[in-house]
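S.K.: Quick one: the structure is below, and I'll ask about it shortly.
Taken together, the values in this text are just the output of simple stated rules run on the coordinates, not laboratory data. Fair warning: this is a prediction, and the values are worked out from it, not measured in the lab. We place every Cβ from the backbone using ideal geometry, glycine too, and count neighbours over all the protein chains shown.
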Amino acid sequence: MLTIPQVGADLRAKKYSAVDLCMQCVKNIEEKNSELNAVLEIFSDWEIQAREADEKISKGETSPMCGIPVIIKDNILFIDHHVSAASKILENYTATYSATVIEKLRDAGAIILGRANMDEFAMGSSTENSAYGVVKNPYDLERVAGGSSGGSAVCVSSGFCIASLGTDTAGSIRQPASFCGVVGFKSSYGLTSRYGAIAMGNSLDQIGPIAKTVEDAEIVQGCIGGYDKKDANSVKEELKPKEKEIKVLGVPWNEIRKEGVNIEVLENFENTVKKLENAGYKIVDISMPNMSYSLAAYYILMPAEVSTNLSRFDGIRYGLRAEGENLFDVYANTKAQGFGPETRRRVILGAYVLSHGYYDAYYRKALLVRDLIKKEFNEAFKNVDAILSPTAPTPAFKIGEKTKDPVAMYLSDIFTVPANIAGLPAISIPNGFNKDGLPLDIHLVADFGQDKSVFSFGKSFEGLQ
Amino acid sequence: MEKKDIEALAKLARVNLTEDEKTSFAQDMGSILAYVDRIREVATEDRPAEIGQVHNIFRDDMPKEYDVKQVENIKNQFPDRDGDYLKVKSIL
C-alpha cells in the first residue's frame, strides 16, 4: 500500500519522482472520476508544485509531507485557485489568500493536486447536496460516499491522491471516511486552524485529514495542526493538557442500542469490543443520557451559525450577483439562484431559532444543553480514557434513500456529532466489511487535547486486525 | 409551521423561494422542529452557558498594507466594478 512513509522512502530512493506519482494520480482521476464525481478540478499547476518537491527532496528536505499529493475539500482556500464550496454562488470565485493548513502543507513540500466535491457549504451527510452532482461510493456506485467530505474520502479510497483534507462540523470527515473504508480524524476544537476554511458552524468546524492508515492521518495532522494567531479560537501549545495512554474504553451501550443501529454494524461492533477486551483493554459500560441530545442541539446551533455566516453571500462584493429591481431583490434573487435547497432550508431554520420570541426556547436552551453534554463527557473521562462506538449507524446507504426525509439524513451523524458539540478529538477507523462488501468502522472520542493518544490507540487497533 | 411563516422567515433571511419550496419547507421545518424540540426534555440550570476552555481572542483593529497584486485579486472578485470602485444598486 502506498502510505506516506512508503512514498517518502520511494521518493528519496529515486524509485519514482513526485512528478511521476502525481501523473499516476491524475491518470487515475481521468480514468475513474467520470463515474465517481469526487474531483471538481485538477489544479493546472500540479506539475510545477511536483517539480519543486522533487528539487526539495534532492536538496535533502526531510518533511514526511514533501512530494505527497493531497486533494483538498472545495471549502479550503488556496491562493489564486478556484474554490466554490460546491455552490453555484461561488462558481467563479478565486481565493485571494491561502488557509493556514494549505500554507503549512505547501511549506512542507506537499502538492495540492486539486479540489474535491462536497455537500454545498458542507451541509449534508451524503454529498448529494453538491451543485456539481452526487459523489458515488467506490465500493458500490449505487450508494453514497457519505458527507459532507464525500469527495475527499473517495479521492483517498480510489488512489486519486495519497491523503486529503476535509472539514468536520458534525462528522463530515469521519462518516464519509467510514463509508469509503479509510481513516478520518477531527482534532480537539482549536488545535487545527480554521483560518481560510469557508465557515459553516464556527464553534464546531475543524479541518482534518482523511488517509489510508492511522499513521498517515497522524502525519498530515502533524503538518496542519498547531496554534495559529489568525484563528481566534486557536489553543496555545502550553494550554494543552498532558497526553495519557488509552487503556480504559467506555462504551455507552444503552445509547448505542437505542439509536436504530443496523444489525450488521452492531454485531461487528460487539465483536470488536470483545477483541479489544481480549487484547487487554478494560471495557466499561457507561451511561451518557445527555449525549443523545447532541444532534437536536446541533440542529439549532449549526443553523444559527449558518444563517449568520452565509449572510455575506449577498451578491455584492464577490460571487454570483443576480439582477433585481432594487437592492433587496438583488440579495434575495442572488441567494435563490446561488444556494441549493438544503442551504436555504438551513438559513431559514437559523433565522427562525434566532428570531425574537424563539431565541430563548431554542438557541439559548441549546447552549445550555451543550454545556451539560460537555459536563457529561468530563464526568465520563474521570473513569474511562476514551469512548468507543460505531462511526455511523449504517453502512453507506443508497443514493436518494434519505433525500426526502431531512431528519433521517441528519441521524447519520448521531454518533459523530457529540465530539463536535463538546470540541473533542475523534477518529473513524476501518473495521472490516458487511456481507455486501461495504466498509464498516469503529469510532473513538477522547478527552480534550488527547489527540496524540487517539492516534496511538488507532495504530494499536490497526495492529489487532 | 405554515406557508406564511416560511414567507416571513424568507424575507428576514433575504432569500426568495418558489411557491413549491414554501410548501415543502413548511413540512420539512415541521419535522425538523419536532425532532429538535426534544431538547426541552433536558433539565438545564438557567444560567449563561459556558464555552469551556476555548474563548475569543481579539486583535487590534489596525489597517494593514497589502501588496498591489493581492488588492487587484480582491477587486477582480467584484461582480461589477468601475475602475477601483465596487458597483452596487442605489441604496436610497
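S.K.: Just the C-alpha atoms of region A:2-65: what Rg/Rh do they give, with Rh taken as the Kirkwood radius? Kindly include the intermediate steps, with their values, before the conclusion.
M.R.: Details: Rg = 13.0 Å, Rh = 12.8 Å.
Expressed as Rg/Rh, it is 1.02.
S.K.: For a protection proxy built on the mean count of beta-carbon atoms within 10 angstrom, sort A:229-242, A:344-357, A:137-150 highest first, please.
M.R.: The packing order, highest mean first, is A:137-150, A:344-357, A:229-242.
S.K.: So, one more: Translational diffusion coefficient, Stokes-Einstein: compute it for chain B using the Kirkwood radius over C-alpha pairs as Rh, at 25 °C and 0.890 mPa s, and state it as an integer in µm² s⁻¹.
M.R.: Numbers: Rh = 19.3 Å.
So the translational diffusion coefficient is about 127 µm²/s.
S.K.: What whole number of Å gives the distance from the Cα centroid of region A:59-81 to the Cα centroid of region A:114-173?
M.R.: 19
S.K.: Hull surface divided by four, with the convex hull built on the Cα atoms of region A:119-277: how many nm²? Before the final figure, lay out the partial values.
M.R.: On the way: hull surface 44.0 nm².
Mean orientational projected area (region A:119-277, Cα hull): 11.0 nm².
S.K.: Shielding by partners for A:365-373, please: the mean number of other protein chain Cβ atoms within 10 Å of each residue's Cβ.
M.R.: Numbers: counts 7, 5, 5, 10, 8, 6, 8, 6, 1.
Across the residues of A:365-373, the mean count of other-chain Cβ atoms within 10 Å is 6.
S.K.: Over the Cα atoms of region A:226-292, compute the convex hull volume and normalise it per residue, giving Å³.
M.R.: 162
S.K.: Now for a different question. Hey, what did chain B get for relative contact order, percent, Cα under 8 Å, at least 6 apart?
M.R.: Reported relative contact order: 17 percent.
S.K.: Could you give the dipole magnitude of the protein assembly as shown about its Cα centre, charging the beta-carbon of Lys and Arg +1 and that of Asp and Glu -1, in debye to the nearest 20? Numbers along the way, then the final one.
M.R.: Numbers: 65 positive and 79 negative charges, 103 e Å.
Once rounded to the nearest 20, the dipole reads 500 debye.
S.K.: Determine the shielding of peptide A:92-103 by partner chains: average, over its residues, the number of Cβ atoms on other chains within 10 angstrom of each Cβ.
M.R.: That average works out to 2.
S.K.: Also: Identify the residues of region A:326-366 with backbone N under 20 Å of a label point that sits 7 angstrom from the Cα of B:Ala8 along the Cα-to-Cβ direction, or state none.
M.R.: Output list for this probe position: A:345-364.
S.K.: While we're on this one: Using a 10 Å cut-off on Cβ to Cβ distances, tally the other chain neighbours for every residue of A:329-336 and report the average as a whole number.
M.R.: Whole-number average of other-chain Cβ neighbours for A:329-336 is 5.
S.K.: What are the extents of the Cα atoms of region A:166-217 along their three principal axes, in Å, largest first?
M.R.: In descending order, the Cα extents are 28, 19, 17 Å.
S.K.: B:Lys22: which lysines have alpha carbons under 23 Å from its alpha carbon, excluding same-chain residues fewer than 8 sequence positions away?
M.R.: Candidates past the 8-residue exclusion: A:Lys88, A:Lys335, A:Lys402, A:Lys404, B:Lys3, B:Lys4, B:Lys11.
S.K.: Also, I was wondering about something else. Farthest toward the dipole's positive end in region A:1-117, which of A:Ser98, A:Ala13, A:Asn28, given Cβ charges of +1 (Lys, Arg) and -1 (Asp, Glu) about the Cα centre?
M.R.: In region A:1-117, that residue is A:Ala13.
S.K.: Considering only Cα-Cα distances, which of the following residue pairs are longer than 24 Å: A:Lys186/A:Lys236; A:Lys229/A:Lys452; A:Lys230/B:Lys87?
M.R.: A:Lys230/B:Lys87
S.K.: When every alpha-carbon pair in region A:319-465 is counted, what percent end up more than 17 Å apart?
M.R.: Result: 74 percent of Cα pairs exceed 17 Å.
S.K.: Another one. Mind pulling up the Rg/Rh value for region A:356-420? Radius of gyration and Kirkwood radius, both on Cα.
M.R.: 1.09
S.K.: Can you give the convex hull volume of the alpha carbon atoms of region A:270-361 per residue, in Å³?
M.R.: 166
S.K.: log₁₀ I(q)/I(0) of chain A at q = 0.08, 0.11 Å⁻¹, via Debye over equal Cα point scatterers, no solvent, to two decimals?
M.R.: Calculated log10 I(q)/I(0) at the listed q: -0.42, -0.82.
S.K.: Taking the alpha-carbon centroid of each part, what is the distance from region A:237-284 to region A:377-406 in angstrom?
M.R.: Cα centroid to Cα centroid, the span is 12 Å.
S.K.: Starting from 0 in steps of 10 Å, tell me what percent of the Cα-Cα pairs of region A:1-152 lands in each bin.
M.R.: 12, 38, 34, 15, 1
S.K.: Suppose a student asked you for the relative contact order of region A:90-168, using Cα pairs under 8 Å spaced at least 6 residues apart; what percent would you report? Walk me through the intermediate numbers first.
M.R.: Numbers: 104 pairs, mean separation 17.6, N = 79.
So the answer I get is 22 percent.
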